[in-house]
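Shown next, in structure tokens, is the structure this report addresses.
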Amino acid sequence: MKKKICVYGILIGFINSLFGAGGGMIAVPFLKNLGLEQKKAQATTVSIIFPLTLVTSAIYLLRGYVTFSDAVPYIIPGFLGAILGSCILKKFNNTLLKNIFAIFMIWAGIRLIFK
């Protein structure tokens with residue numbers, strides 16, 4: 001189990017740093033594979049992705065891949081969306097949440113293929 005968690009952690013960090021939020025997209029199925037229910041897997045994913053994203057952001061800023069001013073317009077609206085999502089998570093049942101997540105993943109994948 002510990003080996004699986006370590007492998008999953010490395011993959012989540014790698015994908016998150018390489019593709020952005022993609023780490024969260026694979027973290028949810030990985031955590032469900034470890035036995036977490038949908039809501040717990042999604043909430044835990046956010047807790048995992050936050051420190052990984054901070055590290056990746058710092059590296060990207062230091063290496064000049066992005067400037068802080070590029071991100072500023074998205075931070076306040078992002079905070080508002082995060083608060084809203086966190087507040088309404090408990091209102092969704094696991095099946096509906098799983099289906100919404102799956103539809104979003106399919107939509108994102110199709111969009112990436114055709115853009």
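Couple of notes before you dig in:
- Pairs, first over 14 Å from Ile15 (Cα atoms) and in a helix (DSSP H, G or I) in region 34-59, second of a type in the set (Phe, Trp, Tyr) and at pLDDT 85 or above, C-beta under 9 Å, six or more apart: Gln38/Phe92; Lys39/Phe92; Ala41/Phe30; Ile59/Tyr65
- Flag if Lys98 is among the basic types (Lys, Arg), farther than 23 Å from Gly13 by Cβ and exposed (fewer than 11 other Cβ atoms within 10 Å of the Cβ): no
- Residue in region 97-110 that is polar (S, T, N, Q) and modelled with pLDDT under 90 present: no
- Failed condition for Ser47, given (1) closer than 27 Å to Leu84 by Cα; (2) of a type in the set (Ser, Thr, Tyr); (3) in contact with a Ser or Thr (Cβ under 9 Å, 6 or more places away or on another chain): (3)
- Identity of the residue in region 77-92, exposed (fewer than 11 other Cβ atoms within 10 Å of the Cβ) and within 15 Å of Gln38 (Cβ to Cβ), that ends up farthest from the chain's Cα centre (by Cα): Lys91
- Top-ranked residue in region 4-51 [being among the small types (Gly, Ala, Ser) and surrounded by fewer than 14 Cβ atoms within 10 Å (Cβ to Cβ); ranked as farthest from the chain's Cα centre (by Cα)]: Gly35
The values are calculated or read from the model by the stated rules, or taken from the named source; none is laboratory data. These numbers were taken from a predicted model, which means no experiment stands behind them. All Cβ positions, glycine included, derive from the backbone under ideal geometry; neighbour counts span all protein chains shown.
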